[in-house]
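Visitor: Here it is: the structure, laid out below.
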Amino acid sequence: MKRATDVPGSQAEPAVPARANDYDSFAEAYSAETENNLVNAYYARPAMLDLAGDVAGRRILDVGCGSGPLSAALRERGADVAGVDTSAAMLALARRRLGEDAELHLADVGDRLPFADGVFDGVVASLVLHYLEDWGPALAELRRVLRPGGRLIASVDHPFVAYAMQEPRPDYSATTGYTFDWAFGGQPFPMRFWRRPLHAMTDAFTAAGFDIAALSEPRPDPAARELFPEGFQDLSTKPVFLFFVVEVPVTAAAPDGG
């Protein structure tokens, strides 16, 4: 899923709120908020598409596809796209956007996905992994469904930003949870995320059998300068998200259990 706004008032290691990260409860409001806003529409999604490059004719899995804006953009560029999400309400919105024949599945990336081994040329996971305390099972599953030479493009909250948001400051070298509320229509919705140091992120990718091809800290789409002049300046001068491009080695053997 995708972050809608900047995050005030987070805490280190708070109690987990009831129904945290319940996208079903605010799917419509979230989809409307992020459709054309600065952070998602003019920063996170364009950056993912730029890193994906030429996807024409390629089979792509959109993990945490939400209401489907990134899937739709990939399809417009000629990709054959499948999507998975943990929210049934979000998938209903995605089906409305993409059509009844869209290949969409209700699934948790930490569990076994409904795909055979090595069937995807690429996976995109936009602002998804920071919901997980342990990246290991999810990355192992994403590697399983990628062909040798396939790429995973993933974005997360930048570890430096997430660290600075927490009061009191946690141990930077530790993986720590933090919570905050998103507000839609004046109603708060509790969210829970996990922050980890940069080295823990890169170690997780390599432990899962990926080669790291690129780290990216992109700037927002220049078209946002006139639409969001104050926000554009702010977003252009500080870290917000961190983007990874990682690859399955071409010589990699197919995983067991397909």
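Derivation of every value follows stated rules applied to the coordinates shown; laboratory data play no part. Keep in mind the model is a prediction, meaning the values are calculated, not measured. Neighbour counts are summed over all protein chains in view; Cβ atoms, including those assigned to glycine, are modelled from backbone coordinates with ideal geometry.
Visitor: State, to one decimal in nm, how far the label point of Q187 lies from the label point of R169, with both points 7 Å from Cα in the Cβ direction.
Guide: Label at Q187, label at R169, 3.9 nm between them.
Visitor: Let me ask something additional. May I ask you to order 136-145, 120-129 by the average number of other C-beta atoms within 10 Å around their residues, highest value first?
Guide: Per-residue Cβ counts within 10 Å, averaged per peptide and sorted highest first, yield 120-129, 136-145.
Visitor: Express as a percent, rounded to the nearest 5, the fraction of DSSP beta bridges in the chain (both residues included) that run antiparallel.
Guide: 55 percent
Visitor: For a paramagnetic label modelled at 7 Å from the Cα of A116 toward its Cβ, which residues of region 82-99 fall within the zone defined by backbone nitrogen distances under 17 Å?
Guide: Residues passing the 17 Å test: 82.
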